[in-house]
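Asks: Provided herewith is a single structure, encoded as structure tokens, for subsequent inquiry.
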Amino acid sequence: MIEKIFYNIINKKQARPLETLALSAGETELIEEARKKIDRVFGRSVRIRQVDAGSCNACEWECTALINPVYDVQRFGVDFVASPRHADILLVTGPASFSMALALKKTYLAMPEPKIVIACGDCAADGGVFKGSYAVTGGVDKVVPAVSRIRGCPPSPSAIMTGIMETIRKLF
Amino acid sequence: MNPGNELYMTVESEDEFIRRSVELFGRNGGRKALRLMFAADERETGAGFNVYAVFSGMGEDVFDILRLPIRENGRGPGYKSLTPHVPAAHWYEREIADMFGIIPEGHPDSRRLVLHGMYPEGIYPLRRDVSVQDIRKKIDLERPDTYPYMKVKGEGICEIPVGPVHAGIIEPGHFRFSAVGETVYYLDPRLFYTHKGVEKHFEQIGFENGVALAERISGVSAFAHSTAYCSAVERMRGITLPVRARAARTFLLELERLYNHVGDIGNMCAGTGFAIGYARGASLKERIMRLNERLTGSRYLRGVNHIGGVSRDVLENAEETLAEAGKIKEEYKSFMGLIAGAISHIERLENAGLLPGKIARNLGATGVAARASGINDDLRTAHPYMYYDELVFETYMRTKGDVYTRMMIRADEVGCTLAIMTTILKRARGFSTGPLHAGPSAGVPPLSSALGWAEGPRGSVFYFVKSGKDGLSPLRVKVRAASFCNWPLMPFAVQGNIIPDFPLINKSFNLSYSGCDM
């Protein structure tokens with residue numbers, strides 16, 4: 001039945017998808033300043049390796065949303081990469097479960113200098129709702145040194161984007 | 001005090017336990033599904049260790065719950081394994097062995113499941129006399145992991161290890177492929193990297209705080225989990241929700257299904273490299289996430305559910321929501337038109353990742369994975385909860401069991417979900433605008449227990465909650481997310497496919513690692 005509907009709707013006019021997110025004045029200013037630093041320090045683009053250290057997966061979906069056509073963070077020279085060897089920033093989510101601690105540490109060690117670690121989400125900052133459980137170290141900091149934290153459970157894609165830009169502006 | 005449709009039966013001998021389980025499950029699966037199986041440490045109440053198995057089927061709204069008291073033998077607690085007779089029990093029994101040290105004798109796979117190498121042998125986190133400090137003291141990150149992966153021997157076999165840190169932005173898990181050329185001969189997945197000790201944590205934080213924890217077990221099934229947890233506690237306290245609250249929960253459950261299914265269909269496009277399909281899917285999903293945020297203040301529908309009701313009236317401004325739902329429907333139709341026309345995409349989906357119905361039944365598949373392999377199982381109609389018994393809708397079932405079928409089941413269900421949402425919004429005017437919470441009620445009775453459930457986007461979600469002697473905190477909370485049932489199916493669906501199709505097959509199941517690992 002559904003197949004039949006498909007054929008009927010193929011030729012109809014396509015609905016209009018959401019437009020790319022417009023930035024507020026504050027965000028524009030922040031991103032422009034950060035971009036100057038990205039140009040100078042990272043050779044025009046900054047690469048992020050995301051590691052899930054026990055997250056519930058909501059933070060991952062918000063990171064994934066950053067590269068959808070609405071947020072399109074790639075337009076600012078920011079992108080996610082597959083290997084820590086290619087990464088400037090390690091974006092860690094989750095409360096750092098003991099079972100992921102070694103893998104997280106190894107990923108960190110595989111990164112080139114300077115190693116910038118950002119803890120993304122409330123769990124990554126201090127364990128969040130899982131604080132006090134036997135199976136979590138209670139924050140990314142307990143395993144690898146984080147230079148900044150992005151708060152929220154989960155932080156919205158905009159919050160992650162500005163968090164990354166803030167970190168770059170602050171550091172360099 | 002047990003709510004009406006939970007039929008408890010204590011079986012005295014292990015053989016009786018197996019006999020009754022096989023009777024309920026059927027020789028080849030399919031009679032009733034094994035919904036969940038768990039152990040509880042009830043030594044403080046004088047009942048010792050118990051193993052519970054919960055069965056239910058589509059025909060009648062009844063849960064058959066078998067309780068097997070565990071006897072101590074010379075080597076510690078143990079019982080005859082159920083797995084050789086009811087294959088769906090296999091992961092549950094390994095989990096029970098890890099967490100309680102109750103050994104299923106004769107289980108075909110004696111490897112550990114949940115706990116990795118850093119947890120020394122002989123430490124059983126869910127025993128009540130083991131404290132969090134005891135466990136943390138014994139965890140040793142330097143301890144080498146010696147998990148024996150399944151080895152495939154023979155000429156031309158190549159072993160490919162992948163993970164736990166994957167190339168994309170996804171959750172961690174290790175996959176050990178044994179491949180011949182490009183074809184997967186065997187896949188041995190190793191999960192539980194995101195194990196967060198959730199079930200023990202529930203016992204520490206009390207009933208009310210448990211809602212926030214339940215919402216964070218599996219990120220994109222937050223509302224299904226919180227509904228299942230809340231209804232378990234509500235059943236224990238004998239609370240009946242006002243109709244507006246029940247309808248609101250049902251509406252949000254469907255909204256969760258909507259954004260997941262649309263996102264999944266889009267993600268499958270990423271699995272075949274169909275970039276425009278992926279972009280359109282992601283864009284439409286974003287639109288629904290914004291509706292989530294407008295209605296509940298959270299993109300993941302968190303913070304709305306409370307024990308006894310909901311905190312926000314999501315059904316107010318129904319006209320506005322209806323208009324947005326209409327726009328979503330239009331865009332969805334156009335999106336599916338794009339996918340149906342992409343022949344190269346569809347051809348990759350057809351015949352990839354076949355999951356035979358017999359395997360799905362025997363291993364206890366749930367949700368979309370089950371309904372695409374000929375199992376007509378949907379908790380919304382099997383055990384109507386919240387507002388579902390006042391709605392008339394269709395459940396969908398197909399039999400082929402490939403990636404395409406799983407996509408089409410989702411496509412079918414999106415149409416149904418939009419119709420349910422519209423119906424509830426239209427009826428909303430008729431609901432009394434009274435409280436969204438049940439009135440004040442007694443606390444949780446001591447030593448009571450109840451099941452809670454919801455059909456989430458990935459399949460059935462079950463909670464079993466039992467209160468302690470004081471009634472202030474739970475003695476045991478068992479969480480069974482849909483992904484725990486469906487992960488063991490992956491090796492069978494992948495077998496015989498080429499490795500580049502693995503991400504696609506994986507996306508067609510859309511399994512949560514965190515929901516499985518807890």
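Asks: In vacuum, with every alpha carbon of the range B:161-232 counted as one equal point scatterer, what does the Debye formula give for log10 I(q)/I(0) at q = 0.17, 0.20, 0.21 Å⁻¹? Two decimals, please.
Replies: -0.76, -0.87, -0.91
Asks: Now for a different question. Quick one: Cα centre-to-centre distance for the range B:246-296 and the range B:100-124, in angstrom?
Replies: Here the two parts' Cα centres lie 38 Å apart.
Asks: Okay, moving on. Provide the solvent-accessible area of B:Glu95, counting protein heavy atoms only and rolling a 1.4 Å probe, rounded to the nearest 10 Å².
Replies: 20
Asks: Please state the relative contact order of the range B:432-518 as a whole percent: Cα pairs under 8 Å, 6+ residues apart?
Replies: Relative contact order, the range B:432-518: 22 percent.
Asks: Could you give the dipole magnitude of the range B:393-475 about its Cα centre, charging the beta-carbon of Lys and Arg +1 and that of Asp and Glu -1, in debye to the nearest 20?
Replies: The dipole magnitude comes to about 80 debye.
Asks: Shifting gears a bit: Report in % the part of the accessible area of chain A that belongs to carbon and sulfur, leaving out ligands and nucleic acids; probe 1.4 Å.
Replies: Ligands and nucleic acids excluded, carbon and sulfur give 53 percent.
Asks: Here's another thing I want to ask about it. Checking an interface number: how much accessible area is buried between B and A, summed over both chains, with a 1.4 Å probe, in Å² rounded to 100?
Replies: Protein heavy atoms only, the B-A interface buries about 4900 Å².
Asks: Quick check on the protein assembly as shown: what does the Kirkwood estimate of hydrodynamic radius come out to from the alpha carbon pairs, in Å?
Replies: Hydrodynamic radius (Kirkwood, Cα only) of the protein assembly as shown equals 25.8 Å.
Asks: At 20 °C and 1.002 mPa s, what whole-number value in µm²/s does Stokes-Einstein give for the translational diffusion of the range B:354-460, with Rh from the Kirkwood sum over Cα pairs?
Replies: 132
Asks: So, one more: Whole number please: convex hull volume per residue of the Cα set in the range B:223-279, in Å³?
Replies: Expressed per residue, the convex hull around the Cα atoms of the range B:223-279 is 65 Å³.
Asks: If you fit an axis through the alpha-carbon atoms of helix A:157-171 and take the longest principal axis of the Cα set of chain A, what angle between them do you get, 0 to 90°, nearest 10?
Replies: Once rounded, one gets 40 degrees.
Asks: Hey, another quick one. Only Lys, Arg, Asp and Glu count, each charged at its Cβ (+1, +1, -1, -1), so figure out the dipole size of the range B:198-509 about its Cα centre, rounded to 20 debye.
Replies: The dipole magnitude comes to about 340 debye.
Asks: Just in the range B:27-81: which chymotrypsin sites (Phe, Trp or Tyr not before Pro) are loop by DSSP and have at most 12 other Cβ atoms within 10 Å?
Replies: The qualifying sites: there are none.
Asks: Please give the per residue accessible area of chain A, computed with a probe of 1.4 Å over protein heavy atoms only, in Å².
Replies: Solvent-accessible surface per residue comes out at 42 Å².
Asks: Given a 1.4 Å probe and the protein chains all in place, what does the accessible area of A:Lys106 round to, in Å² to the nearest 10?
Replies: 130
Asks: Shifting gears a bit: In Å, what is the Rg of the alpha-carbon atoms in the range B:106-221, and how long is Dmax?
Replies: In order Rg, Dmax, the Cα atoms of the range B:106-221 give 17.9, 58 Å.
Asks: Given the rule -39500 (n - 2.57) for each run of at least 4 DSSP H residues, summed and divided by the residues of the protein assembly as shown, what is its mean residue ellipticity at 222 nm, to the nearest 500 deg cm²/dmol?
Replies: The helix contribution divided over the protein assembly as shown gives -12500 deg cm²/dmol.
Asks: OK, next. Could you please report the charge total around B:Tyr149, scoring K, R as +1 and D, E as -1 over all other residues with beta-carbon less than 14 angstrom from its beta-carbon?
Replies: Working: positive: B:Arg111, B:Arg112, B:Lys151, B:Lys153, B:Arg176, B:Arg190; negative: B:Asp109, B:Asp145, B:Glu159, B:Asp188.
That sum, taken over residues with Cβ under 14 Å, equals +2.
Asks: Put +1 on the Cβ of every Lys and Arg and -1 on every Asp and Glu Cβ in the protein assembly as shown; which of B:Tyr52, B:Met490, B:Gly163 then has its Cα farthest towards the positive end of the dipole?
Replies: Working it through, the farthest residue towards the positive pole turns out to be B:Gly163.
Asks: Give me the accessible area of B:Val233, 1.4 Å probe, in Å² rounded to the nearest 10.
Replies: Estimated to the nearest 10 Å², B:Val233 gives 0 Å².
Asks: Based on the alpha-carbon gyration tensor of the range B:289-341, what equivalent-ellipsoid semi-axes (square roots of 5 times the eigenvalues) come out, in whole Å, largest first?
Replies: Ellipsoid half-lengths, sorted descending, are 28, 13, 8 Å.
Asks: I've got another one for you. Could you give the nm distance between label points at B:Tyr149 and B:Lys327, where each point is 7 Å from its Cα heading toward the beta carbon?
Replies: For the pair B:Tyr149/B:Lys327, the computed spacing is 4.8 nm.
Asks: Let me check the size of the range A:54-172 from its C-alpha atoms; what are the radius of gyration and Dmax in Å?
Replies: For the range A:54-172, the Cα-based Rg and Dmax read 13.5, 42 Å.
Asks: Another one. Note down the net charge around B:Ala228, summing +1 for each Lys or Arg and -1 for each Asp or Glu among other residues with Cβ under 10 Å from its Cβ.
Replies: Within the 10 Å Cβ shell, the charges total 0.
Asks: Follow-up question, since we're still on this one. Net charge within 9 Å of A:Ser148 by Cβ-Cβ distance, Lys/Arg positive one each and Asp/Glu negative one each, not counting A:Ser148 itself?
Replies: Net charge around A:Ser148: +1.
Asks: Now a separate question. Can you sort B:Glu182, B:Glu390, B:Glu234 by solvent-accessible area, 1.4 Å probe, largest first?
Replies: B:Glu182, B:Glu390, B:Glu234
Asks: Take the eigenvalues of the Cα gyration tensor for the range B:54-152, scale each by 5, and report the square roots as semi-axes in whole Å, largest first.
Replies: Taking √(5λ) for each Cα gyration eigenvalue gives 28, 18, 14 Å.
Asks: Calculate what fraction, in whole %, of the accessible area of the range B:409-518 sits on carbon and sulfur atoms when a 1.4 Å probe is rolled over the protein chains.
Replies: Looking at the range B:409-518 in its full context, I get 61 percent from C and S.
Asks: Also, I was wondering about something else. Carbon and sulfur together cover what percent of the accessible area of the range B:6-138 at a 1.4 Å probe radius?
Replies: Reported share for carbon and sulfur atoms: 49 percent.
Asks: In nm, to one decimal, how far is the A:Thr28 label point from the B:Glu12 one, both placed 7 Å along Cα→Cβ?
Replies: Using points 7 Å along Cα→Cβ, the separation is 8.1 nm.
Asks: Of B:Ile420, B:Tyr124, B:Gly210, which is farthest along the charge dipole of chain B in the positive direction, counting Lys and Arg as +1 and Asp and Glu as -1 at C-beta?
Replies: Working it through, the farthest residue towards the positive pole turns out to be B:Ile420.
Asks: Something else: Expressed as a rounded percentage, what relative contact order does the range B:198-509 have, with Cα pairs under 8 Å and six or more residues apart?
Replies: 28
Asks: So, for chain B, what is the accessible surface per residue at a probe of 1.4 Å, expressed in square angstrom?
Replies: Here the residues of chain B average 34 Å² of exposed surface.
Asks: While we're here: Tell me, what does the Kirkwood hydrodynamic radius of the range B:4-81 come to in angstroms if you use every pair of distinct C-alpha atoms?
Replies: About 13.3 Å for the range B:4-81.
Asks: Let me see the pair-distance distribution of chain B: every alpha carbon pair, 20 Å bin width, integer percents in order.
Replies: 22, 57, 20, 0
Asks: Can you put B:Glu14, B:Glu254 in order of accessible area, largest first, using a 1.4 Å probe?
Replies: Descending accessible area places them as B:Glu14, B:Glu254.
Asks: Evaluate the charge dipole of the protein assembly as shown about its Cα centre and quote only its size in Debye, nearest 20, assuming +1 on the Cβ of each Lys and Arg and -1 on the Cβ of each Asp and Glu.
Replies: Details: 85 positive and 78 negative charges, 117 e Å.
The calculated dipole for the protein assembly as shown is roughly 560 debye.
Asks: So, one more: Starting from the Kirkwood Rh over alpha-carbon pairs, what translational D in µm² s⁻¹ does the range B:141-280 have by Stokes-Einstein at 25 °C and 0.890 mPa s?
Replies: For these conditions, the coefficient is 128 µm²/s.
Asks: Additional query: Please work out, to two decimal places, the log10 of the ratio I(q)/I(0) at q = 0.17, 0.18, 0.19 Å⁻¹ from a Debye calculation in which every Cα of the range B:452-518 carries one identical scatterer.
Replies: Log-scaled intensity ratios, in q order: -0.68, -0.73, -0.78.
The values are calculated or read from the model by the stated rules, or taken from the named source; none is laboratory data. Just so we're clear, the structure is a prediction, and the values are computed from it rather than from any experiment. Every residue, glycine as well, gets a Cβ built from its backbone with ideal geometry; the counts of neighbours run over all protein chains shown. For the accessible areas, the whole protein counts, side chains as well, though only heavy atoms, and no ligand, DNA or RNA atoms are used. Shrake-Rupley method; radii C 1.70, N 1.55, O 1.52, S 1.80 Å.
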